1. So for 92, 129, fewest C-beta neighbours within 10 Å to most, what's the order?
2. When a footprinting reagent is the concern and you count Cβ atoms within 10 Å, what order do 111, 16 take, fewest first?
3. Given H placed on each backbone N at 1.01 Å, which residues far from residue 69 in sequence or on other chains put an amide H within less than 5 Å of it?
4. For the pair residue 71 and residue 101, how long in nm is the line joining their label points, each one 7 Å along Cα→Cβ?
5. What's the exposure ranking of 73, 54, going from fewest to most Cβ atoms within 10 Å?
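What follows draws every value from the coordinates through simple rules; no lab data is involved. Source: prediction; values computed, not measured. No Cβ is skipped: glycine too gets one built from the backbone with ideal geometry, and neighbour counts run over all protein chains shown.
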Amino acid sequence: MGKTHIIARAIIMDNDHMLACVGKKKNQNKRTHLFLPGGHVEHKEPIKDALIRELEEELGMKSSIVRFLGVEEYSFDSEDSSKCHLHELNFYFEVFVPGLSSAIIPKSPEDHTEFVWITPEDLEGSTFYPNGLKPILQHWLQADYEKAFRSHIVTKGK
């Protein structure tokens, strides 16, 4: 249970909207939290390839990586664990998806997630995981790129 997971995440923008995933409790319609699209990097898989693969699985669309943005190290409190790990490294990339706009809400193939386009106001009152990413995304959504991604370590509660 203590192993570290490597995760590739996408920031997909359309004007002032960002595509996010909404976590839902399985077999319920209750929304629990927001997180960025993407997923786990498989053994010996390059991170960029993992992100393109995950996005095609999740969105059913081809995408391309615009640029690398940063890495966030995150440790969960044991009660907030994802059930498979307590520690993760999240690699963030700006991604372009041709034909995708905030007028289109992709249908998730997974029953425990759905997609939503969010604005800075939506982000403010939300629960976002990993929670250290929320202030970074608030800067990103407001085009304040210098304060957005920078190297840091976040531990819940600090």
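1. Fewest-to-most ranking of 92, 129: 129, 92.
2. Working: 111 10, 16 14.
Going from least to most buried by this count: 111, 16.
3. Residues meeting the amide H criterion: 92, 93, 94.
4. Label-label distance for residue 71 and residue 101, simple model: 3.8 nm.
5. Values: 73 16, 54 21.
Result, fewest neighbours first: 73, 54.
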